[in-house]
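Taking it in order: structure first as structure tokens, then the write-up.
Quick note: the coordinates plus some simple rules give every number you see, no bench work behind them. Note that the coordinates shown come from a computational prediction; the quantities given were computed from them, not determined experimentally. Cβ: placed from backbone, ideal geometry, glycine included. Neighbour counts: every protein chain shown.
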Amino acid sequence: MSEFKEQKKRALEKLRIRGADEEVEEIIEKLNSLEGFFTTSSCSGRISLIRLPEIGAKREATFIGKWHRSVRKEEVLEALKASEKGEIWLLSQSPILHVACRGLEKAKGLLRIAIESGFKYSSIKAISRDNERVVVEIMSTERMDVPLGKDGMMFCSEAHLDFILSKANFMLERGKEKLKRFCYGLKEFE
């Protein structure tokens, strides 16, 4: 068995154990069923609240809320109540997929489909020394990081929070529409 096939087998076993976001399952199943492709990580996009001791302390960050769907203000306010120390940030992140491709030609084809589907930040992330394994990162431009408060004190009014959440929810839904276009574009490899 080639090294690529062995890596694919291990990646699929991890996926079976961990699972995937519901809205990206069809894409993952499609990619993993194709000869010469397998996913190494994925997220359908999310809105999250994190607590940081200070900006840049990513390793010490704690999720206090995480949603792979549109979020309501009441859910955010409830999560905010649970945090008394540190900076609180709201993040809205686009879908992201990492796909191992067997060879540069397959990677270039996948990259073209991703970009045509609206994933403008997609790129080749890594190439193995023998050029057999090329990792493509599929990602979009939708991202928002907003500081909401610190040490239990919220910096914005509820009206401003409504505005922030409307933009975060819009960006999340926009990313999910791109996932649908990407999934359709994968028919090219069938």
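Below, the figures for the structure above:
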| quantity | calculated |
| --- | --- |
| Cβ-based exposure ranking for H68, H160, in which fewest neighbours within 10 Å come first | H160, H68 |
| Helical contribution to [θ] at 222 nm, DSSP H n ≥ 4, -39,500 (n - 2.57), averaged over the chain, rounded to 500 | -13000 deg cm²/dmol |
| Relative compactness, segment 1-155, computed as alpha-carbon Rg over 2.2 N^0.38 Å | 1.23 |
| Size of electric dipole in the chain: Cβ of Lys, Arg +1 and of Asp, Glu -1, about Cα centre, debye, nearest 20 | 420 |
| GluC sites (Glu not before Pro) lying in DSSP loop within segment 1-90, provided at most 15 other Cβ fall within 10 Å | E35, E54, E84 |
| Least to most buried among T40, T141 (fewest other Cβ within 10 Å first) | T141, T40 |
| Those trypsin sites (Lys or Arg not before Pro) in segment 83-178 that DSSP places in a loop and that have at most 12 other beta carbons within 10 Å | K85, R129 |
| Dipole of the chain [Lys/Arg +1, Asp/Glu -1 at C-beta], most positive-end residue of L161, L49, G109 | G109 |
| Straight-distance crosslink candidates among lysines, where the alpha carbon sits under 25 Å from K167 and sequence neighbours closer than 8 are dropped | K58, K66, K73, K81, K120, K150, K176, K178, K180 |
| Net charge contributed by nearby residues that have their C-beta within less than 13 Å of K58 (K/R +1, D/E -1) | -2 |
